[in-house]
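Take this structure, written in structure tokens, and hold onto it; I'll ask about it next.
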Amino acid sequence: MSAVAGRYGVRHSVLGWLRRLGWNHLEPWELDPLRGLPESTLLENRLLPWLRRFRFDWNGEPLPLSPHCFNDIIAAVDTCCHNMDWEASSGTVHGLLVDGVPVQQRLPDGSSTTVHVPLIDWAHVHRNHWDVADACPYPDALDPDIRELVGYVNGIPLVVLACVERDREKRWGGIAAGIAHLGRGNAPILAHQPALHAQVLLCLDRRGGCYASVGTPV
């Protein structure tokens, strides 16, 4: 194992575990081309292929979405979290994941209907795009020896993983430090730009880990 992998052994192990489960590891330079805007938490160029493939039923005929619906859906997922704390934004995205995003769709006969567009293919999970990437670094991290990963499904950040590593004296940190690190998402004002919504939080050290949803008590 390299010196870097040795220092960040938990992250290294987690990435290996996720790759075996079918997740694709994105390098930092691969993220920006997938975003619509630099400040966006959504990888919209991962969501677009799914929206283009999606078909809704009209009188027994499968129809594609109109292209104007794509922008409406992306805006709903991306901008719904602005000016919200982590718990509120995660709850909003959870609603969209469960119920779909409602859009107005023009039909061949000239009428319109509301289509609730799912963001994930729940029936065929292997048809979704699964990515994991290092979170963008930020200056106010509570512990510089915690490496954070973000898991995306169809470009939507759904999982945040805090990997508790060795410090510079090679002492291992514990789960409590990772939980405190993840708790920063509840801060009213964030000086950095983490993934501002998630459905699952994972905290892992060399012994094991724990999981929660956003808003779960410490």
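The values are calculated or read from the model by the stated rules, or taken from the named source; none is laboratory data. This is a predicted model, so every value here is computed, not measured. Because the Cβ atoms are built from the backbone with ideal geometry, glycine has one as well, and the counts that use them run over all protein chains shown. All accessible areas refer to the heavy atoms of the entire protein, side chains included, with ligands and DNA or RNA removed. Shrake-Rupley method; radii C 1.70, N 1.55, O 1.52, S 1.80 Å.
From the list Leu48, Leu34, Leu26, Leu43, which residue is over 28 Å from Leu182 (Cβ atoms) and surrounded by 16 or more Cβ atoms within 10 Å (Cβ to Cβ)? Spell out how you get there, then give the answer.
Working: Leu34 fails: over 28 Å from Leu182 (Cβ atoms); Leu26 fails: over 28 Å from Leu182 (Cβ atoms); Leu43 fails: over 28 Å from Leu182 (Cβ atoms).
After applying the criteria, what remains is Leu48.
Would you please name the residue that is nearest to Val153 (Cα to Cα), looking only at residues in region 104-122 that are free of Cβ contacts under 8 Å to residues at least 60 places away in the same chain, in a strand (DSSP E or B) and of a type outside the set (D, E, K, R)?
Going through the qualifying residues, I end up with His116.
Could you count how many residues in region 51-92 are in a helix (DSSP H, G or I), among the charged types (D, E, K, R) and open to solvent by 70 Å² or more (accessible area, probe 1.4 Å)? Explain how you work it out, then say what you get.
First pass over region 51-92, keeping only residues in a helix (DSSP H, G or I): 51-53, 67-79, 86-92.
From the residues that got through so far, the ones that are among the charged types (D, E, K, R) too are 52-53, 72, 78, 87.
When the remaining residues are screened for being open to solvent by 70 Å² or more (accessible area, probe 1.4 Å), the result is 52-53, 72, 87.
Matching residues across region 51-92 total 4.
Residue-by-condition table, conditions (1) more than 16 Å from Val93 (Cα to Cα); (2) open to solvent by less than 50 Å² (accessible area, probe 1.4 Å); (3) at pLDDT 85 or above; (4) among the hydroxyl-bearing types (Ser, Thr, Tyr):
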position	(1), (2), (3), (4)
Ile175	yes, yes, no, no
Gly183	yes, yes, no, no
Leu202	yes, yes, yes, no
Asp205	yes, yes, yes, no
Tyr211	yes, no, yes, yes
Thr216	yes, no, no, yes
